[in-house]
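Chemist: I have a structure I would like to understand better, so I am pasting it below and will then ask my questions one at a time.
The values are calculated or read from the model by the stated rules, or taken from the named source; none is laboratory data. Just so you know, these numbers come straight off a predicted model, no measurement behind them. Just the protein is used for accessible areas: all its heavy atoms, side chains included, with ligands, DNA and RNA removed. Shrake-Rupley method; radii C 1.70, N 1.55, O 1.52, S 1.80 Å.
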Amino acid sequence: MGPRRTPDDVAAALGRLLDGTVQDLRPLSGGASRLTSSFDLRVDGAAPVRRLILQLDRGDGLAQGGRADAEAALLRAAHDAGVPVPSVVAVGDGLDDGLGAGWLVVERLEGETIPRKILRDPEWSSARQALTQQCARALAAIHTIDPTSIEGLPGRDPFRDPLPLLDALGEARPALELGVRWLEANRLPAARRVTVHGDFRTGNLLVGPDGLRAVLDWELAHAGEAAEDIGWLCAPAWRFGGPGPVGGFGALDDLLEGYAAAGGAVIDPVRVRWWQVYATVKWAVICALQASAHLSGATRSVELATIGRRICESEWDLCTLLGLAPDGATEVADDGTGVAEGTLPPEVRAPFGRPTATELVEAVREYLEGDVMEGSDRGARFKGRVARNALLTVERELRLGPTMAEAHAARLAALGFDDDRQLAGALRSGTFDGAWGEVGPALAAAARDQLLVANPAYLDGAST
């Protein structure tokens, strides 16, 4: 990882590259491998300024490397295919241009991306009604792009083999082991290979009052099968408490019919379900990878730290998708009755995993000492919300953790195991193949307990 570049460094480098003056450079979000910022560009004092977006590789090991040129080519191809996308302004590899990592600049379009607003606010009601068919047409157009025409486009999903990634992180996640076994046992025949967006979901769709205005964030694009994009859009993680299985706003039958009517292939819902399970495992692995960037020190961030606790959301979704969560599994009191106050011993982590309560508190402290004490920007409100949620997680773990840890140990003992790593190994070896119902309730209970600490609202179909 190269030297850390300040916002002033980035603005100066961008100004040189774009032959203008960069103003109001503001961070917007951080994806799986990119940091996204908005800025205004003034050229020779001329008005109006150009409103632009910068996507910059993290440079922390999550980036896939050498992707900026491929992503620019893909955006241009998507535009030609009729997909609504922002126009490419400039692209570079970061080697000799002062940015230090691959980068892409595109035009900034007006619209909304925040899922909870799009799915709940009355002003977006017309957009919600239009989105399913608009997404169907956009996906059908994306899948017409010949993947061999995009130089540098990966030939497969980089997360296709999740277990080695979890092993490298030192993560023992029995529910994910079971998910991988299910995927292997139910693998479907290969389908025609197309260009896959890889992250087509609510949150990456720019929406206006009339519906879809642009498909954003193409950093995970690769060659694959069409049902992968559809399964990803329909994954529980991207419903954000909305009622529809398609991104929280639509029905699957409507999406598949619209996709076929727009020229896409006829896709069996069975294939979509397989890819929904795959998407759920994949998102859990991405959460673990993003948390590892903080835990390793590569990119210290309270946002990345807290995302590690979102793995349990995917584990709960996985148990639900596979029918392993027993009825009434969410009916557990969250009042802390009978739980002693005090600090959880550092060795007692199961079933919550990393980052631990201590590591979360440390991340919040670093955020307060850095971003807040040294001056805040418009993104501070979002980071403040993340920090608040981290502290709430710590409070709930310290209050509920000891009792939950004892219950988790008892569940493991009833299955004949001392810890999660032993159970994960048994699942990977096939010990429970054909008998997943024996272990399913324990996995669902562990995911439920983690959610009661990390994000209780998720159990009610909402999300913080």
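Chemist: Just subtract the alpha-carbon distance of ASP121 and ASP419 from 0.36 nm times their residue separation and send over the number in nm, one decimal.
Modeler: Values: separation 298, 0.36 × 298 = 107.28 nm, distance 4.45 nm.
Result: 102.8 nm gained on full extension.
Chemist: Could you work out the relative contact order of the chain? I mean the mean sequence separation of Cα pairs under 8 Å and 6+ apart, divided by the number of residues, in percent.
Modeler: For the chain, the relative contact order is 14 percent.
Chemist: If amide H atoms are built 1.01 Å from N in the plane of the peptide, which residues on other chains or at least 5 residues away come under 5 Å of the amide H of GLY244?
Modeler: Correct list: PHE249, GLY250.
Chemist: Would you mind telling me the share, in percent, of accessible area of the chain contributed by carbon and sulfur at probe 1.4 angstrom?
Modeler: 51
Chemist: Moving on to the next point. Taking only protein heavy atoms and a 1.4 Å probe, what accessible area per residue, in Å², does the chain have with all protein chains in place?
Modeler: Value for the chain: 44 Å² per residue.
Chemist: Using Cα centres only, tell me the gap between the stretch 119-183 and the stretch 252-303 in whole Å.
Modeler: Spelled out, the Cα-based centre of one part sits 3 Å from the other.
Chemist: Relative contact order of the stretch 153-274: what whole-number percent is it, with Cα pairs under 8 angstrom and at least 6 residues apart?
Modeler: Details: 142 pairs, mean separation 29.0, N = 122.
Once normalised by length, the contact order is 24 percent.
Chemist: Follow-up question, since we're still on this one. Apply the Karplus parameterisation 6.51 cos²θ - 1.76 cosθ + 1.60, with θ equal to phi minus 60°, to every residue of the stretch 164-172 and state each ³J(HN,Hα) to the nearest whole Hz, in sequence, with x for glycine and proline.
Modeler: Once θ is set to phi - 60°, the couplings for the stretch 164-172 become x, 5, 5, 4, 5, 8, x, 8, 10 Hz.
Chemist: Further question: Compute, for ASP317, the solvent-accessible surface of its heavy atoms (probe 1.4 Å) with the complete set of protein chains present, and express it in square angstrom to the nearest 10.
Modeler: Probe radius 1.4 Å; accessible area of ASP317 about 10 Å².
Chemist: Students often get this wrong, so try it: which of [x] 0.94; [y] 0.96; [z] 1.03 is Rg/Rh (Cα atoms, Kirkwood Rh) as calculated from the structure shown?
Modeler: [y]
Chemist: Once amide H atoms are built 1.01 Å from N in the peptide plane, which residues 5 or more positions from PHE352, or in another chain, come under 5 Å H to H?
Modeler: Correct list: empty.
Chemist: For the stretch 126-194, state the semi-axes of the equivalent ellipsoid (square roots of 5 times the eigenvalues of the alpha-carbon gyration tensor), sorted largest first and rounded to whole angstrom.
Modeler: Those come to 30, 19, 14 Å.
Chemist: Using alpha-carbon pairs under 8 Å, 6+ residues apart, how would you state the relative contact order of the stretch 24-181 in percent?
Modeler: After rounding, I find 18 percent.
Chemist: Something else: Taking H placed 1.01 Å from N in the peptide plane, check which residues at least 5 places from ALA90 or on another chain put their amide H under 5 Å from its amide H.
Modeler: VAL105
Chemist: While we're on this one: Using only DSSP helix segments of four residues or longer, with each worth -39500 (n - 2.57), what per-residue ellipticity at 222 nm results for the chain after dividing by its residue count and rounding to 500?
Modeler: After summing the helix terms and dividing by residue count, I get -14500 deg cm²/dmol.
Chemist: Could you work out how much longer the chain between ALA298 and VAL361 gets when fully extended? Use 0.36 nm per residue separation minus the Cα distance between them, nm to one decimal. Display every interim value, and only then the final one.
Modeler: On the way: separation 63, 0.36 × 63 = 22.68 nm, distance 1.80 nm.
Stretched out fully, the ALA298 to VAL361 stretch lengthens by 20.9 nm.
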